[in-house]
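Right, one structure below, let's go through it.
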Amino acid sequence: MSISRRNFTIGLGALGLAACQGGGSAATFASRSEGALPADLMPQSNAGYDAWVASFKARAAGQGISPATLRQGFAGAGYLPGVVKRDRNQTEFSRTLEDYLAIAASEERITKGRAAFARHRAVLSQIEARYGVPAEVVTAVWGLESFYGERRGNVPVVSATSTLAYDGRRGAFFEKQLIAALKILERGDVSAQGLTGSWAGAMGHTQFIPTSYQAFAVDFNGDGRRDIWSDDPSDSLASTAAYLAKSGWKSGEKWGGEMGTAAASSATPVKILQPDAGGPRFAVFRNFNAIKRYNNSDNYAIGVGHLSDRIAGGGPIQARFGPDKYGMTIDDRKALQEKLTARGFDTGGTDGVIGPNSRKAIAAYQQSVGLPATGDPSRALLQRL
């Protein structure tokens, strides 16, 4: 199987999307701004892992990894039980587009995106001129993947990928990522200490997995290294543009747009999408599919497209989303979160996304007043508060 970001979407975007979920999020992620890693993401003794590493080193040497790189890469590396726990505890769920956009195109993410766009306008313009991908689209990917570099992850990639390769659930995939990570070290693009990322091994400002890094990363600032980890995002942003360009991005064409807008009629759509029944409809063009090569999700591609439009000064989506399965609008859900928090049942934010934090608060309130602790929102509950 060809391995790319397209078939490795687990965890990608999670660092950035978890940043502002407020009431919707239960996940917490280590980042460069969040200090020390939790205990379960620190190396722990594991004899089986040690034996696996010994056998892996022989295989890696057979693929051209030098003894010096192996010593450097595995110095201080070890088994991370928290990586296995996070991998196995992932739940499959379908988030509505309304909830997704409440997070992906929140006012905070738009405001920070416009500031990042302005701050890096010169280099973004140069990247757009070279690769043909609009600066605001590259900025939007950056915003979804790592919240504009604020949440790049600080888990050692060699430890993370070797743990997952040893664990075996997707062993072949992660062994390939581990080999690619060691080749990054061998090339000298980053030090062993700097080779960090998410718990699943996605790296840098725009969360490249090691094999995608090998295929698409570029040295845009000309310092001799393809440095996607640096506080300077130039190489990361250019690498993302290179990825999209090689994935079929057509210069001068939009990603799509909401039906009824000028953007939606600016080209011939490849399809019309209505992700939420009764909600907004979108005409999408060929560049929509290029975004999906980055993350194979319609919601993600709409999120990148819409966030890019907002960063560039565009307005919010015009059509209304209908009530959710509980009969509640997003305004109802925000009001519920506000009232629960005011009563001392903290939902962790008021974004209108009913995630684990909000459900925990609802259940605690229900229990406190003698109701069945279902954790489900309802208009009756809102009226009771």
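The values are calculated or read from the model by the stated rules, or taken from the named source; none is laboratory data. Owing to the predicted nature of the structure, the values given are computational and were not obtained by experimental measurement. Neighbour counts are summed over all protein chains in view; Cβ atoms, including those assigned to glycine, are modelled from backbone coordinates with ideal geometry.
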When region 266-288 is examined, which residues are found to be within 8 Å of G256 (Cβ to Cβ) and polar (S, T, N, Q)? N287
When I179 is evaluated against the numbered criteria (1) touching a residue at least 24 places away in the same chain (Cβ under 8 Å); (2) closer than 19 Å to Q126 by Cα; (3) surrounded by fewer than 23 Cβ atoms within 10 Å (Cβ to Cβ), which criterion, by number, is the only one it fails? (2)
Kindly indicate the residue of region 369-381 that is outside any loop (DSSP other than H, G, I, E, B) and either touching a residue at least 12 places away in the same chain (Cβ under 8 Å) or under 31 Å from the mean Cα position of the chain (by Cα) (or both) and also farthest from A102 (Cα to Cα) among those meeting that condition. L381
From D276, D298, D223, which residue is surrounded by fewer than 20 Cβ atoms within 10 Å (Cβ to Cβ), closer than 28 Å to G188 by Cβ and not β-branched (V, I, T)? D223
Tell me, which helices (runs of 4 or more DSSP H) wholly within region 117-214 include 1 or more residues that are hydroxyl-bearing (S, T, Y)? 121-131, 135-146, 157-167
Applying the selection to region 230-243, what residues are in contact (Cβ under 8 Å) with a residue 40 or more places away in the chain and surrounded by fewer than 24 Cβ atoms within 10 Å (Cβ to Cβ)? D231, S234, A242
Might you let me know whether region 249-264 holds any residue that is modelled with pLDDT of 95 or more, of a type in the set (K, R), over 23 Å from the mean Cα position of the chain (by Cα) and over 30 Å from M203 (Cα atoms)? no
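Check D99, D87 and return the single one that is under 24 Å from P38 (Cα atoms) and of a type in the set (D, E).
So the residue among D99, D87 that is under 24 Å from P38 (Cα atoms) and of a type in the set (D, E) is D87.
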Provide a single number: the residues in region 329-372 that are surrounded by fewer than 16 Cβ atoms within 10 Å (Cβ to Cβ) and of a type in the set (A, V, I, L, M, F, W, C). 3
Go through (1) buried (at least 18 other Cβ atoms within 10 Å of the Cβ); (2) over 19 Å from I103 (Cβ atoms) one by one and return the number of the condition L307 breaks. (2)
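Within region 333-359, how many residues turn out to be in contact (Cβ under 8 Å) with a residue 40 or more places away in the chain and not aliphatic (A, V, I, L, M)?
The first filter runs over region 333-359 and keeps only residues in contact (Cβ under 8 Å) with a residue 40 or more places away in the chain, leaving 333, 335-337, 339-340, 343, 347-358.
Then keep just the ones that are not aliphatic (A, V, I, L, M); that gives 333, 337, 339, 343, 347-352, 355-358.
Counting residues in region 333-359 that are in contact (Cβ under 8 Å) with a residue 40 or more places away in the chain and not aliphatic (A, V, I, L, M) gives 14.
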Here the residues within region 74-113 that are under 17 Å from the mean Cα position of the chain (by Cα), more than 24 Å from W199 (Cα to Cα), among the charged types (D, E, K, R) and buried (at least 21 other Cβ atoms within 10 Å of the Cβ) are D99
Would you point out the residue of region 114-159, among those that are closer than 30 Å to V84 by Cα and among the acidic types (D, E), that is surrounded by the most Cβ atoms within 10 Å (Cβ to Cβ)? E145
